[in-house]
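Encoded as structure tokens, the structure appears first; notes follow it.
The values are calculated or read from the model by the stated rules, or taken from the named source; none is laboratory data. Everything numeric in this text was worked out from a predicted model, so none of it was measured. Backbone-built Cβ (ideal geometry, glycine too); neighbour counts: all protein chains shown. Accessible surface areas use protein heavy atoms only, side chains included; no ligands, DNA or RNA. Shrake-Rupley method; radii C 1.70, N 1.55, O 1.52, S 1.80 Å.
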Amino acid sequence: MNVATRPAERAPALAATRLRLPVGVLLPVIGPLAFLALWQAVCSAHVVREVLLPTPFATLAYMVDALVHGTMASDAFVTVTRTLLAFAFGAIVGVPLGVALGSNARVYRSVEFLIDFFRSTPASALIPLFILFFGISDANKIAIAGFSVLLIVTFNSAYGVMNARKTRILAAKVMGASSVQVFRDVLLYESLPQTFVGLRNGISTALVIVVVAEMFIGSDQGLGHRIIEGEQVLQVTDMYASIIVAGIIGYLLNVVFMLIDTRLIHWSGK
Amino acid sequence: MIAGLEPTVALEEPFIRVRGLDKSFGGRTVFAGFDLDLPRGKLTTIFGPNGCGKSTLINMLSGLLRFDAGDVEIGGRDVRSARIGYVFQNYRESLFPWMRARENVEYPLRVRGVPRAKRRERIDELLASFEITLDLSRHTYELSGGQQQLVAILRALVADPEVLFLDEPFSALDYEMTLYVRDKLQTVFLETGLTTVLVSHDLEEAVYLADRILLLSKPPTRVVELIAYDTLRPRTTEIMADARFVATKQHALDLFRAEMQR
Ligand SMILES: Nc1ncnc2c1ncn2[C@@H]1O[C@H](COP(=O)(O)OP(=O)(O)O)[C@@H](O)[C@H]1O
Ligand SMILES: [Mg+2]
């Protein structure tokens, strides 16, 4: 009896191990596939008219074609370039500014409200203001996205410095480090994890603002322009394809920053 | 009083000299007119009730914490011009995790502008003299707790300090590691004869390691007694059964109990 029950007990476990490998590999694909299946189902059931929602296959095929033969790639390139320029401006000014503000608590206190206020103000609400000052130029889109990045990065870097472990600063001091050395060897590193949170948020925000700016600040290039144009002249397939490309760009930027983050800040959370 | 009858402790030339030290936190007085003399080349352990100001005291002695009034001299000079080694209770929060273990140990030399080759030489010398084997090419968070605290101790020793301060250096370690690091600390002390001040919350440990046990009262904090315990080194755990050890510990415990009942 003992012998008879054992294989039965073991069977589910075996089945589980046999299943585990392929399922484990496939898990991340399940969500996207389910999404495409749902999309297809909505199309097949004619819940939505085809002029408003093309099939996933038609959209993806159009996207590839537009990227390879059409102007989609150059629009994507313009959007990415604007995003990176805005990000670079915000980061290059924001990190040193944040670190400087953070290392002087009194100075930071005095500007904290301003930074918090503008950080909490939707950047899109400032678009008309930027149009007044910069006109509807290319620089405008970069300026407003850069401004948003600057606020986010400054805020996070300042917080990183202010929340540096007191013990490490004391340790450096008791070892004879000058205040410049404490700053360079301890404060800067202590602030890095938080600075990176700022940079990652910054690049995402830069993309969001650039795409919005491309929609509303007279533009003849860029994914934002393409999306709004697709909607207005009812080229919906182009619109969906542009949205997906924008999504892919956002995702890739995030992945790149996450990789840099884990490699550069290897001690984080340890 | 006849000089010959004074306790031996009072005859020693003080190396750390504290006079009229005042310190309070937001109206709560911890030290008021506090005086203390600690001898050169001895290991002094500080023991006292929780919150009596042990950490506060060594932080002031080492120049980490400002005091409201009074004088602290080390070797006849102001603390700020003395070379201090300090080992924090929490190695995780005091080591630099972005540096490798070796860079951590080197740091006090680096801030003094000692060239790279010299720094290496000094560290190899330290490791050899204390018979410590450690993979210093690792990042600190890859090492065990005991190894990390050893890195912290080496870092405190590398620049040849005049005094070594340790604030409950074993309290974040498990028992096995405590025994190991404690042994290494004894080796360091034997090899260098460095004036050492160690805070402990464990009376047995405080006596075991000490030449002098500084027993503190509840705040406002006074010196209850500076107890001498001169048993030869190296000491092993067997001395804990020794009559002098037991008597010294009992004496300290009696004083501590009496102090708690005040
Ligand atoms: N930074 C501080 N701010 C306010 N009170 C403090 C501070 N540091 C220590 N104290 C107080 O001073 C007393 C002594 O603290 P501490 O030196 O840490 O005690 P011990 O190390 O003996 O346990 C305690 O009552 C503690 O609450
Ligand atoms: Mg303490």
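Values as computed for the structure displayed
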quantity: Residue within segment A:72-87 that is in contact with a helix residue (DSSP H, G or I) (Cβ under 6 Å, 6 or more places away or on another chain), without any contact (Cβ under 8 Å) to a residue 60 or more places away in the chain and open to solvent by less than 80 Å² (accessible area, probe 1.4 Å) present; calculated: yes
quantity: Filter result (within 14 Å of another protein chain (Cβ to nearest Cβ) and more than 15 Å from ligand 1 (Cβ to nearest atom)) within segment B:31-71; calculated: B:G63
quantity: When residues of segment A:133-143 are limited to those that are over 17 Å from the mean Cα position of the chain (by Cα) and assigned to a helix (DSSP H, G or I), the one surrounded by the fewest Cβ atoms within 10 Å (Cβ to Cβ); calculated: A:F133
quantity: Out of B:V151, B:V181, B:V158, sole residue that is open to solvent by less than 10 Å² (accessible area, probe 1.4 Å), more than 18 Å from A:T167 (Cβ to Cβ) and either within 14 Å of another protein chain (Cβ to nearest Cβ) or within 16 Å of ligand 1 (Cβ to nearest atom) (or both); calculated: B:V158
quantity: Residue within segment A:90-107 that is modelled with pLDDT of 95 or more, under 30 Å from A:A241 (Cβ atoms) and assigned to a helix (DSSP H, G or I) present; calculated: yes
quantity: Segment B:165-221, residues that are in contact with an Asp or Glu (Cβ under 8 Å, 6 or more places away or on another chain), closer than 21 Å to B:E93 by Cα and among the charged types (D, E, K, R); calculated: B:R182
quantity: Condition met for B:A206 (touching a residue at least 60 places away in the same chain (Cβ under 8 Å) and within 16 Å of ligand 2 (Cβ to nearest atom)); calculated: yes
quantity: 1 or more residues open to solvent by 10 Å² or more (accessible area, probe 1.4 Å) and more than 11 Å from chain A (Cβ to nearest Cβ): qualifying helices (runs of 4 or more DSSP H) within segment B:75-131; calculated: B:101-111, B:116-129
